[in-house]
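The values are calculated or read from the model by the stated rules, or taken from the named source; none is laboratory data. A quick note: this is a predicted structure, and the numbers were derived from the prediction, not measured. Here the Cβ positions follow ideal geometry from the backbone for every residue, glycine too, while neighbour counts run over all protein chains shown. Keep in mind that these areas ignore ligands, DNA and RNA; they rest on the heavy atoms of the full protein, side chains included. Shrake-Rupley method; radii C 1.70, N 1.55, O 1.52, S 1.80 Å.
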Amino acid sequence: MVLHLIRKEFHENLLNVRFIAACGVSLALMVSSIAVLNRSNEEQVLDYQSRVRQQDEFIGKFGHINRLGWMSAISRGPAHLQALVLGIDREAHQDNFISNPVPALLSRLDFVSIVTVIMSLVAILFSYNAISGEREAGLLRQILGAGVSRKVLLTGKFLGGLVSLVIPFTISVLAGMLFLALSPSIQIRPADFSVFAMLLGASWLYVSAFYGIGLFFSTRSHTSGQAILKSLFAWVILVLVIPNAGPFLAAQFYPIPSATKLAQERYMITDRERDAILVQRRDAMIESRFADLRDIIGLPQNQLQEKLKSDAALDERYRLYARGWEDIIAVTNREQGAKYDKIEKVFLQRSRVQEKLAGVLTSASPLSNFVFIAIGLTETGIEAEDHWDREVGEYDRALATYADAQYKKAMERDPSFEINDYLDLRARPRFQYRPAGLLERVEPDLPQWGVLIAFNLIFFAAAFVGFQRYDVR
Amino acid sequence: MTEIVRKEILENLNTYRFYVLIGLIFSMMLISIIVSYGDYHLRVENYNILRPGPKETDKIILPPEPLSIFARGLDANAGRLYQLSSRGVEVQPNQQSINRVSSLFSMPDMLFVTRVILSLIALLFSFDAVCGEKEQGTLKLMLAGHTRRASVVLGKLTGRFLLVFVPFFVLFLVSSIVVSLLPDVRAGEEYWIRLALILAGSTLYVASFIALGTLISSLVNRSSTSMMVGLAAWVLLVFVVPNMGATVAQAIGDVPPADRVEMQTRLSTIQSIYETQQQMKNAKDKDYSRIMIQIRETNNHLFQSYRPELNRLIELTRTLVRCSPSGAFSFLATELANTGIDRDIRIKDAIWMFVERNFNRFGGLEKGEVEQFQFRPSTPGEQITGVALPDALLLLIIPGIFVALSVVSFMRYDPR
């Protein structure tokens, strides 16, 4: 009987104008959005590659240890599946003085916004009159009078409606993904197919949760007019209010210190204060151990080199001083770094708590759970930013170790070698971003999958209970 | 016509729909004010921490704009700390003390409430204006008398507009008064003028959607079809066109990202420092002023050559996004609230010119005090006759077109 009802519901929907409209709208939007974002992505990838090349050539030509961090700054390229899911739009971060302000004002249309806003609304439009509409048409009494149980009828309505909603949606998503897979600018990895499948699965869960909401309100309303109003009210709260208000409420409930203040403290501790300590320690070292070198320290490089070449004992003494100076720099950097790390740790801890709170507050809506899953899978979210920071941190340390060794070798060859002198860094390790594994990407968002499933169960159960008490007259 | 307006109001006033939708506006505006004021307050706290002392002329930070409570726009962006040096201008990317989750969603400010929710409510109040009466069979009766068709449709339109607008107007007024009394909010004459202009823009925006709903209602025979078409139009105008406009502009604008300019500036600065240091390595008297002049010239060249390209991209985005009343209203409201794109551009230009004028003093190349940075925002009059004029005109024309089309369509409507 359930199968029969599913078939009937599906056939009825097939002939309905809303099915054709849903097919057309989702296909047109999905493919056009992916095509446009893909084009944008292509240009960004090309520009990124050319920037990496230019920076590489620059270091080969002008490499020196003093400004190595500055000249080898790793900028983040576009995410691999950014044409599908934009996630945290880095253009909206406005990192540069001359950044385009538009992304901070207007968001762009991607797969996630189509599913979360448009498909959820379509789902409600498919289900709001499933029960109340049948009652208004007088069919509900007839069906129930024919011996069909309420349980079977509701299940048939839920599954039949859902199938007719999911089919056009799936076709459009598959068309979009196929477009992406065939695009020459994106190298599809085997794991991407799993990502596509999971994205589709999460979208089904998300869309069906909203179908359940429409069905629930249909069982709680006497007329379709009331049902759509209630459903749209719930839609506004779940799609527009909770996710948007959550992060800002979290910031008010649990404030964190100013990030710029932290940046200023970093500059003070690891730059100005460090420089002052260095000068003080160096002077103390010269005073206590190298008073005899006072006249030659600070001489122009060519004069110093001449003096050291002509006097082997002096050369030996100067090497000792240079090593001592190196040690002072290393110790001071370590001490000041540790001092800053302590402050940063507290800040990061508080930031994480606020982020977690924002996640909890927003997870009261299916939208946020779906967004977290999508950005997690496509590496365009918060975890991906943390992963990127870890990768860059690791690389920076490897580069610093390499450059340090090169610098020491150069110092061995010529004790007058300075931090601003050319250092051949062409054989340095290059940054290779290793994306997080699929499991690593899925794991943090497992609770979100659970919440999405729970939303489906709750709304269906609520519709079920509502329908048991429904007055069919 | 007055009779029809009164009938429309009285008929809808005591309905389930009226209470649900008014409850929605009320709760949304309340949430909006709580959340937006909280955000503004945090930004004020941040500003107070970072505000430079009288001698710190190398730092610029602008106070948060109180009207950002109504339309946040780019205020958080414009209110960041600008660090000036001989290397140029650096901005703090993560100044705001707010979690990264917020960057995934939009701030539910008053602009958002009006643009997204009020427009939806306007459509839900007007989708059955004509076809609903037809379904009930009352349209025939109405037209059987001497009432002119144009009066009927205009009466319906006005009545339904008042049903949505009057509660919104009252709540907007109450919100404006409440916000003006809150700590940290300085509400002078300009605050009220700007809010009045934003309200005028909101009026036209709501009227656009009421007229659109009425137009759709007079084109179809059933209210369920009218609602479907109305919701599709709403999604198209509020979500698809503005967001797609921004996406398309970025894809076809062919403007390199700012990261490229940043890299070029950074590398040319390092190169200038490196080369000068190498040249002066063996010199007794080291004169580093050459480095600064070189850096300034290169940075200035990069900025000046990128600015027109960026402006072209911004203009293209504006043109595409304006195709929807929602886009035009966003631009109008943010400019009037002093949180728009134009203000952002003007601030950056003012900072750049300030650096230009004082560059030699920053670097000690020239004696004298660095002047105090001053930024004069545009007056509401300048904005309305300048940057916001196309948006204001569009918001005047769009409801006019929809109203005219509704009248024409209703003239041919079969009431049977």
Any chance A:ASP271 is under 30 Å from B:ASP287 (Cα atoms), in a helix (DSSP H, G or I) and more than 11 Å from chain B (Cβ to nearest Cβ): yes
Filtering the range B:135-175 for residues that are more than 30 Å from B:ARG412 (Cβ to Cβ) and in contact (Cβ under 8 Å) with a residue 40 or more places away in the chain leaves a count of 5
With respect to the numbered conditions (1) in a helix (DSSP H, G or I); (2) open to solvent by 40 Å² or more (accessible area, probe 1.4 Å); (3) within 14 Å of another protein chain (Cβ to nearest Cβ); (4) at pLDDT below 90, which one is the sole condition not fulfilled by A:PRO255? (1)
Take B:THR57 and tell me if it is open to solvent by less than 20 Å² (accessible area, probe 1.4 Å) and hydroxyl-bearing (Ser, Thr, Tyr). no
Would you please list the contacts, defined by Cβ atoms under 8 Å and residues six or more apart or on different chains, that run from a residue in the range B:29-40 that is within 8 Å of chain A (Cβ to nearest Cβ) and open to solvent by 20 Å² or more (accessible area, probe 1.4 Å) to a residue that is of a type outside the set (Lys, Arg) and outside any helix (DSSP H, G or I)? B:ILE31/B:PRO108
Which one is farthest from the other protein chains (Cβ to nearest Cβ) among residues in the range A:336-358 that are free of Cβ contacts under 8 Å to residues at least 24 places away in the same chain and open to solvent by 60 Å² or more (accessible area, probe 1.4 Å)? A:LYS342
With the structure loaded, tell me whether B:ASP342 is in contact with an Asp or Glu (Cβ under 7 Å, 6 or more places away or on another chain) and among the acidic types (Asp, Glu) or whether it fails that test. yes
Within the bounds of the range B:47-57, is there any residue that is assigned to a helix (DSSP H, G or I), more than 8 Å from chain A (Cβ to nearest Cβ) and either in contact (Cβ under 8 Å) with a residue 60 or more places away in the chain or hydroxyl-bearing (Ser, Thr, Tyr) (or both)? yes
List the number of the failed condition for B:MET292; all other conditions in (1) part of a helix (DSSP H, G or I); (2) within 9 Å of another protein chain (Cβ to nearest Cβ); (3) more than 30 Å from A:ALA35 (Cβ to Cβ); (4) at pLDDT below 90 hold. (2)
For the range A:72-88, the count of residues that are facing chain B (nearest Cβ under 7 Å) and more than 14 Å from A:TYR395 (Cβ to Cβ) equals 1
If you go through B:SER151, B:SER119, the only one that is more than 25 Å from B:PHE26 (Cα to Cα), among the hydroxyl-bearing types (Ser, Thr, Tyr) and not in a loop (DSSP other than H, G, I, E, B) is B:SER151
Any idea which of A:ALA259, A:ALA197, A:ALA175, A:ALA227 is out of contact with any Gly (no Cβ under 6 Å at 6 or more places or on another chain), small (Gly, Ala, Ser) and more than 30 Å from A:PHE158 (Cβ to Cβ)? A:ALA259
Listing of helices (runs of 4 or more DSSP H) fully contained in the range A:1-96 that carry 2 or more residues being surrounded by 15 or more Cβ atoms within 10 Å (Cβ to Cβ), touching a residue at least 60 places away in the same chain (Cβ under 8 Å) and not acidic (Asp, Glu): A:2-15, A:17-62
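From the list A:ARG220, A:ARG274, exactly one residue is touching a helix residue (DSSP H, G or I) at 6+ places or on another chain (Cβ under 6 Å), among the charged types (D, E, K, R) and not assigned by TED's automatic domain parsing to the domain that holds A:PHE460. Which is it?
A:ARG274
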So which residues in the range B:60-115 are open to solvent by less than 10 Å² (accessible area, probe 1.4 Å) and among the aromatic types (Phe, Trp, Tyr), if there are any at all? B:PHE70, B:TYR82
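Listed here are the residues, each with its yes/no results for (1) open to solvent by 40 Å² or more (accessible area, probe 1.4 Å); (2) of a type in the set (Val, Ile, Thr); (3) within 17 Å of the chain's Cα centre (by Cα).
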{"site": "B:GLY340", "(1), (2), (3)": "no, no, yes"}
{"site": "B:TRP352", "(1), (2), (3)": "no, no, no"}
{"site": "B:LYS367", "(1), (2), (3)": "yes, no, no"}
{"site": "B:GLN372", "(1), (2), (3)": "yes, no, no"}
{"site": "B:ARG376", "(1), (2), (3)": "yes, no, no"}
{"site": "B:PRO380", "(1), (2), (3)": "no, no, yes"}
{"site": "B:ILE397", "(1), (2), (3)": "yes, yes, no"}
{"site": "B:ALA404", "(1), (2), (3)": "yes, no, no"}
{"site": "B:PHE410", "(1), (2), (3)": "no, no, no"}
Checking the structure you have, find out if any residue of the range A:274-292 is in a helix (DSSP H, G or I), closer than 30 Å to B:ALA76 by Cα and open to solvent by 60 Å² or more (accessible area, probe 1.4 Å). no
Give the residues of the range A:365-382 that are part of a loop (DSSP other than H, G, I, E, B), open to solvent by less than 10 Å² (accessible area, probe 1.4 Å) and either modelled with pLDDT of 95 or more or away from every other protein chain (no Cβ under 12 Å) (or both), sorted by residue number. A:SER365, A:THR378
Are there any helices (runs of 4 or more DSSP H) wholly within the range B:171-276 with 2 or more residues that are within 13 Å of chain A (Cβ to nearest Cβ), touching a Lys or Arg at 6+ places or on another chain (Cβ under 7 Å) and more than 30 Å from A:LYS61 (Cβ to Cβ), and if so which? B:241-252
